[in-house]
Amino acid sequence: MNVISNHPINCTIALAALEQVNDPELGLNVVDLGLIYQVDFDEAGNRIYVRMTLTTQFCPMGETLVAAVQRALEATFNGREVEVELSFDPPWNYERISERGKDFLNR
Amino acid sequence: MSTAFPKAHFRHTAASAVVPFYLYAAFSFLISAALLLVNSPAFREHYFHPHTLALTHLMALGWGTMVILGASHQLVPVLTERPLYSMRLAHLSFILAALGIPLLVYGFYVFDMGWPAKWGGRLILLSVLVYLVNLLKSTGRGREMNVHAVFIITATGWLFLTAFLGLTLVYNFTYPFLPKETLEYLPLHAHAGILGWFLLLVTGVGSRLIPMFLISKYQHNRLLWVIYAGINGGLLLYLLSFFIFPGLPFMYPGAVILISFGLFVFYLSGVYRARIRKQVDEPMKVSLLSVAMMLLPILLLLLLAGWRYSGTTHARYTLLYGFVIFFGWITAIILGMTFKTLPFIIWNKIYHEKAGRVKTPNPKDLYSEMLFNAMALTYLAGFLCAGAGIFGEGWLLLRLGAGLLLLSAILYNLNIWKTCLHKPLV
């Protein structure tokens, strides 16, 4: 679970917010599932850019997850514009699940 | 606020292309279980009994095929990584099948091969054709073919052939034109449907969905291609033995199918061992149980092909063969997979706008786990009782089993209506 960011402090806040967004099938949040690739903040401080993926292209929950990520960040960083880009390069793989996520799934 | 992504990724199948199929299938299962209870005396006679034919077609088309068609409208985009081509075609295939199935079943029940059976057969064939066009358009051309998509397309081709042959046989009753008796073509019609449609589709879809639900690292596309070749090869060998080499023992194609099934089990055991998600939920357990239940009809088929039984014993074992396929393997996989798919479709419809804003329930909270467990228990008990009843000519046991299966069908219907009528909690 490596997330690229140009602003480590804000990124930590963003990831904490995204930990409230769960994959409905697994009950695991999108951060521990390794779906978030990048969270950048522009210098003026009014835009957030997120690059994320899905466990599979055409995931039936894809649209819902992307919208949920966007809403969670808008609620945390009030007034900022949130841009979410969906990327499959590289495609998601099981190695992206965090240790905490693996523990959760192993329960 | 904005999002940047390929729009095509989010052209999801609307619930209206899926849910009506599930509801129709659930009702068909209920009627089938009731027919099994009411008409169980028909099971003492030859399998070519009008009531048995009606029940078999209601189970195969109204239950098994309808739920698969509906689920595949949701799953095809996941499997092929392309959106569903047309919602209108999805709706049209539902309407045609929904009208055709009761007509065909009624035609068999009263054994009137006139307009009810003929129109039923025509409408069903048209429905399959519409579905096939939608599928082919959805998978598209010019890209490397995905093994799962090839499984589904080929399976639908076999379904079309099955429906075509079925309609031909209906015509042959009133205007005999085929060189052999209608009854002699029945195994061909049945196996094109059972192996070509159901087995090929279940292996193709299961090999994708089971690793997804278990989050398994295991991948073995080459093995899947071998399984694909094995099932189709076995079926083609059977066709050859029917039309060109009538002396070829049925054991040969049967053995090829059995080996392919063994390889599928090997594939699934690899998936299961390499799973990251250790806890397996109840619907998944029932789905996995259905894989084991696939072994029963294959073994029965080999028994029927390898041993010479008296006419009545052969007919009874053939009846048991059909029973373990439709009330066993196919019903078990549907009972399990319904609750891995339907709640997600409904959840997505209701909570799509709310996720990320407020805490939403999980899709599994949309159905009752208690009803599911009661359904699974009554189903298993009913299947075992009715199966043992047919096997040992214990007709009271068959009735008891049919009663339990009816109870299971009622519980299933209650649970899917509970899911479909879910009111937003937040």
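The values are calculated or read from the model by the stated rules, or taken from the named source; none is laboratory data. Here the structure is a predicted model, which is why all the values come from computation and not from measurement. Positions of Cβ are generated from backbone atoms using ideal geometry, with glycine treated the same way; all protein chains shown enter the neighbour counts.
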If you check B:Tyr272, B:Tyr267, B:Tyr317, B:Tyr309, which single one turns out to be modelled with pLDDT under 90 and more than 26 Å from B:Leu61 (Cβ to Cβ)? B:Tyr309
Do we have any residue at all in segment A:17-35 that's under 13 Å from the mean Cα position of the chain (by Cα) and farther than 20 Å from B:Ala355 by Cβ? no
Which listed residue, of B:Pro361, B:Pro297, B:Pro343, is within 30 Å of A:Arg71 (Cβ to Cβ) and part of a helix (DSSP H, G or I): B:Pro343
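Within segment B:73-82, is there a residue that is of a type outside the set (Lys, Arg) and over 22 Å from the mean Cα position of the chain (by Cα)?
Yes: segment B:73-82 contains one or more residues that are of a type outside the set (Lys, Arg) and over 22 Å from the mean Cα position of the chain (by Cα).
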Please enumerate the residues belonging to segment A:67-107 that are closer than 25 Å to B:Ser216 by Cβ and touching a strand residue (DSSP E or B) at 6+ places or on another chain (Cβ under 7 Å). A:Leu86, A:Ser87
Could you tell me which of the residues B:Phe29, B:Phe43, B:Phe21 is more than 14 Å from every other protein chain (Cβ to nearest Cβ), assigned to a helix (DSSP H, G or I), at pLDDT below 85 and crowded, with 20+ Cβ neighbours inside 10 Å? B:Phe43
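Only one of B:Phe213, B:Phe242, B:Phe173 is more than 30 Å from B:Glu81 (Cβ to Cβ), at pLDDT below 90 and buried (at least 16 other Cβ atoms within 10 Å of the Cβ). Can you tell me which?
Among B:Phe213, B:Phe242, B:Phe173, only B:Phe242 is more than 30 Å from B:Glu81 (Cβ to Cβ), at pLDDT below 90 and buried (at least 16 other Cβ atoms within 10 Å of the Cβ).
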Mind checking which residues of segment B:80-93 are surrounded by fewer than 24 Cβ atoms within 10 Å (Cβ to Cβ), touching a residue at least 12 places away in the same chain (Cβ under 8 Å) and not polar (S, T, N, Q)? B:Glu81, B:Arg82, B:Pro83, B:Tyr85, B:Met87, B:Leu89, B:His91, B:Leu92
Selection status of A:Val39, in contact with a Ser or Thr (Cβ under 6 Å, 6 or more places away or on another chain), buried (at least 20 other Cβ atoms within 10 Å of the Cβ), more than 18 Å from B:Asn362 (Cβ to Cβ) and away from every other protein chain (no Cβ under 13 Å): yes
In segment B:342-368, what residues are within 26 Å of the chain's Cα centre (by Cα), within 9 Å of chain A (Cβ to nearest Cβ) and surrounded by fewer than 23 Cβ atoms within 10 Å (Cβ to Cβ)? B:Phe344, B:Asn348, B:Lys364
In segment A:63-77, is there at least one residue being at the interface with chain B (Cβ under 10 Å from one of its Cβ atoms), surrounded by fewer than 17 Cβ atoms within 10 Å (Cβ to Cβ), more than 24 Å from B:Asp365 (Cα to Cα) and under 16 Å from the mean Cα position of the chain (by Cα)? yes
State all residues of segment A:78-93 that are surrounded by 17 or more Cβ atoms within 10 Å (Cβ to Cβ), free of Cβ contacts under 8 Å to residues at least 40 places away in the same chain and farther than 23 Å from A:Gly45 by Cβ; if no residue qualifies, say none. A:Leu86
What is the number of the single condition among (1) within 12 Å of another protein chain (Cβ to nearest Cβ); (2) closer than 21 Å to B:Glu353 by Cα; (3) in contact (Cβ under 8 Å) with a residue 24 or more places away in the chain that A:Cys59 does not meet? (3)
